[in-house]
Amino acid sequence: MSTLISAALLGTARTSTTFEELPAEVRGHARELDGDPAEMLLAAAALERAYRRGGAGSTTAAVPTPAPDDVRFTLPESSSAHLLSMLAAKATLLDEWFAVALERNYRAPDHLVAELLSFARASEAHRESILQIVGERGRWLAAQNPEWSKLVRTRDANPDVWRHGSSSQRTQWLIDTRRTDPALALAELRKSWGTERGEQKAAFVSTLAIGSSADDQPLLEEALDDRRKDVRRAAAEVLGRIPESEFGERMAARVQKWARVERKLLRSTLVILPPEEVDAASRRDGIEDRPNPHTDYRAEYVRQAISSAPLSLWNNMIGEPGKVMGMSVDEGWEPILHDAWSTAAVAQNNAEWALELFRIRGTATDRRLLPLVPAKALADLLRSGNGDANVLHPGRAAIYDALPGPWPDDITRAVVAQWERVAARRADGGAKAGEFSRYKYSASLRLAESRFPYSAVTLLDRAAERARDPDWRQTFARTASAITHRKTLLEELT
């Protein structure tokens with residue numbers, strides 16, 4: 001077609017029309033054209049367009065092996081319809097709905113599999129749950145459509161996908177195999193490490209965080225010397241998850257050099273001695289100059305070292321986490337230490353340190369720690385009344401988010417009571433009335449729809465009757481309706 005376009009632009013008087021680039025089926029007919037060059041050009045273009053619009057000729061295709069049977073229970077018709085509407089609306093109930101449906105061994109009906117795969121392709125939020133509910137038949141159908149190829153999960157340990165697949169397929173193979181056979185995934189990555197492209201190495205290294213162990217150390221240590229910064233950072237992050245590693249021992253040695261305990265008669269003090277500069281060995285381990293407007297570069301060195309050092313270091317130096325955090329420190333160091341300990345607790349999955357940090361920090365706890373904190377401790381803080389208003393404030397619903405549902409009745413009553421106080425302030429008006437808009441509390445309101453017990457409907461109906469602000473009145477009624485709807489949807493699955 002490009003030669004026809006060139007001839008049209010230059011004019012048939014200046015260049016001759018050729019048909020070599022036309023499809024073979026069109027080329028033969030175009031060569032039979034005769035007459036004025038301009039008419040031949042237009043006729044050839046018309047033939048090309050007709051061919052394109054007419055589609056391809058018939059081909060022979062192999063009939064695929066039939067999809068395997070799925071012996072699970074088929075979703076009720078009403079539940080199937082509700083699932084589609086919830087996915088379209090991105091409903092907050094989806095997590096709980098999928099958990100109940102899968103626990104009760106339901107599968108999607110065959111006629112909905114294609115539509116559900118389209119939802120899975122468009123959004124990652126509930127992709128894994130959708131793939132579980134469509135099951136083997138869904139994976140079979142996804143394999144037939146190139147647009148759904150990324151939805152096909154390779155679950156076997158056959159290294160052929162790793163050796164010959166695309167970048168995304170290879171990464172997924174590593175992730176899946178690390179979950180079932182970490183040694184095999186490590187061995188395959190070890191074999192090809194020297195020939196891997198730099199832009200892929202960081203993603204491959206990050207997969208070693210799944211089931212990480214001391215066996216991964218040699219490859220991770222080699223990755224610390226890689227030319228690419230993202231590869232070195234990924235290696236340091238994974239090594240920080242292996243407290244017993246040589247990397248952890250090196251970080252512990254630095255912390256012991258930069259922090260010491262001064263024991264006094266009444267109370268011991270933790271003294272931090274930040275270095276003016278770090279050596280090449282420290283930089284190899286990932287300690288680098290990171291700008292921070294709140295602290296100087298030396299404090300960042302200390303933060304990075306403590307974040308990657310094994311928490312057992314502090315138990316050996318001082319004692320249990322409560323004793324460590326109970327020590328006095330120089331002004332300005334406490335938030336830096338708490339942040340570093342929080343990072344270490346998350347990386348090392350240490351619930352003991354997470355709980356102690358939560359006891360000290362309360363509503364200011366790093367939200368990364370909250371999944372490690374027992375539900376009872378979360379509930380006890382909310383019951384204590386220490387900061388209900390703060391936690392419900394915009395962007396501060398993290399503790400409620402970490403508390404699994406259904407929430408206890410007393411906490412539910414406290415949340416509704418807080419909303420009612422906010423609604424009253426909104427109704428009273430004033431210059432700050434905007435701070436008490438229902439939109440400011442959207443995070444906790446959405447959580448309530450999926451976490452409140454069914455008994456909260458009565459509380460919310462009464463709150464709607466008492467509310468003087470029309471927006472809050474509608475909000476209470478709408479939340480009560482959402483909980484009633486949730487009850488109906490989940491009961492359909494029982």
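The values are calculated or read from the model by the stated rules, or taken from the named source; none is laboratory data. Computed from a predicted structure; not experimentally measured. Here Cβ is always computed from backbone atoms with ideal geometry, including for glycine, and neighbour counts include all displayed protein chains. Just the protein is used for accessible areas: all its heavy atoms, side chains included, with ligands, DNA and RNA removed. Shrake-Rupley method; radii C 1.70, N 1.55, O 1.52, S 1.80 Å.
The combined condition, being at pLDDT 85 or above, part of a helix (DSSP H, G or I), of a type in the set (A, V, I, L, M) and surrounded by 15 or more Cβ atoms within 10 Å (Cβ to Cβ), is fulfilled by A101. Figure legend. Inter-residue proximity from the stretch 451-465: first residues among the hydroxyl-bearing types (S, T, Y), second residues in a helix (DSSP H, G or I), beta-carbon distance below 9 Å, spacing 6+ or different chains. Indicated pairs: Y454/I483; Y454/T484; Y454/R486; Y454/K487; S455/D409; S455/T412; T458/A480. So is R179 surrounded by fewer than 16 Cβ atoms within 10 Å (Cβ to Cβ) and within 24 Å of the chain's Cα centre (by Cα) or not? Yes. If you go through the stretch 284-310 and keep only what is outside any helix (DSSP H, G or I), at pLDDT below 90 and under 16 Å from W341 (Cβ atoms), you end up with just T295. The set of residues in the stretch 142-162 being open to solvent by less than 50 Å² (accessible area, probe 1.4 Å), modelled with pLDDT of 80 or more, closer than 25 Å to D69 by Cβ and out of contact with any Lys or Arg (no Cβ under 8 Å at 6 or more places or on another chain) consists of A142, N145. Checking each residue in the stretch 284-294 for being charged (D, E, K, R) and either touching a residue at least 40 places away in the same chain (Cβ under 8 Å) or surrounded by 16 or more Cβ atoms within 10 Å (Cβ to Cβ) (or both) picks out R284, D285, E288. When we screen W314, W353, W333 for residues that are out of contact with any strand residue (DSSP E or B) (no Cβ under 8 Å at 6 or more places or on another chain), of a type in the set (F, W, Y) and farther than 21 Å from I399 by Cβ, the only hit is W314.
Candidates Y301, Y297: the one that is surrounded by 13 or more Cβ atoms within 10 Å (Cβ to Cβ), free of Cβ contacts under 8 Å to residues at least 24 places away in the same chain and aromatic (F, W, Y) is Y297.
State whether one or more residues within the stretch 243-260 are without any contact (Cβ under 8 Å) to a residue 40 or more places away in the chain, aliphatic (A, V, I, L, M), open to solvent by less than 40 Å² (accessible area, probe 1.4 Å) and in a helix (DSSP H, G or I). Looking for residues that are without any contact (Cβ under 8 Å) to a residue 40 or more places away in the chain, aliphatic (A, V, I, L, M), open to solvent by less than 40 Å² (accessible area, probe 1.4 Å) and in a helix (DSSP H, G or I), one finds none in the stretch 243-260, hence no. Within the stretch 266-283, being touching a residue at least 60 places away in the same chain (Cβ under 8 Å) and either part of a helix (DSSP H, G or I) or open to solvent by 60 Å² or more (accessible area, probe 1.4 Å) (or both) holds for one residue alone: R267. Just one of the listed residues (G362, G387) is modelled with pLDDT under 90, over 26 Å from A464 (Cα atoms) and either open to solvent by less than 50 Å² (accessible area, probe 1.4 Å) or among the β-branched types (V, I, T) (or both), and it is G362.
Considering the stretch 210-234, the residues that are assigned to a helix (DSSP H, G or I) and in contact with a Gly (Cβ under 8 Å, 6 or more places away or on another chain) include one that is nearest to L174 (Cα to Cα), namely V231. Within the stretch 370-388, is even one residue within 20 Å of V302 (Cβ to Cβ), under 27 Å from the mean Cα position of the chain (by Cα) and of a type in the set (A, V, I, L, M)? Checked the stretch 370-388: no residue is within 20 Å of V302 (Cβ to Cβ), under 27 Å from the mean Cα position of the chain (by Cα) and of a type in the set (A, V, I, L, M).
Just the residues that are under 25 Å from the mean Cα position of the chain (by Cα), within 23 Å of A280 (Cβ to Cβ) and open to solvent by 30 Å² or more (accessible area, probe 1.4 Å), please, taken from the stretch 189-242. Selection gives R228, K229, D230, R232, R233, E237.
Taking every residue in the stretch 403-416 that is within 11 Å of A456 (Cα to Cα) and charged (D, E, K, R) and pairing it with any residue that is modelled with pLDDT of 90 or more and surrounded by 19 or more Cβ atoms within 10 Å (Cβ to Cβ), at least 6 positions away or on another chain, the pairs with Cβ-Cβ distances below 8 Å are R413/L459.
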